[in-house]
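Where a number appears in this text, it was derived from the coordinates with a stated rule and is not lab data. Being a predicted model, the structure only gives us computed values, none of them experimental. Here the Cβ positions follow ideal geometry from the backbone for every residue, glycine too, while neighbour counts run over all protein chains shown.
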Amino acid sequence: MNGFAPLADHQGFDYKLMAESLGTIVNVMAAHIQPQGGGPLGGGHTHPHNHLFVVTEGQIKMKIGDTETIVEKDCSIQVPGEVIHSIWNNAEGPSSVVILNYMPK
């Protein structure tokens with residue numbers, strides 16, 4: 001598995017650190033995104049809080065400023081809220097993500 005390792009004192013339990021010391025959590029959401037779905041429409045948005053996206057199924061394309069990044073299943077990406085950004089399903093089937101919204105320290 002991509003980047004996973006056994007956790008001490010556990011059996012059959014592999015983990016992968018996705019983030020740490022993020023700040024104050026605003027909320028946590030789960031999202032299902034259909035093929036070619038995403039948003040926001042019109043090119044992106046900004047806001048005061050940051051995002052941590054964890055892909056649990058499929059694949060997403062994040063556009064952060066002028067950079068596009070493909071994020072695979074079991075991987076994550078942090079997005080600064082004050083930079084224009086958008087998320088799109090880049091897979092042939094549905095994609096799912098967990099989104100942790102947080103205020104930076």
> Name the residues in the range 68-92 that are more than 21 Å from LEU22 (Cβ to Cβ) and out of contact with any strand residue (DSSP E or B) (no Cβ under 8 Å at 6 or more places or on another chain), would you?
Replying inline: GLU92
> Picking from ASN2, ASN27, which residue would you name as being part of a loop (DSSP other than H, G, I, E, B) and in contact (Cβ under 8 Å) with a residue 24 or more places away in the chain?
Replying inline: ASN2
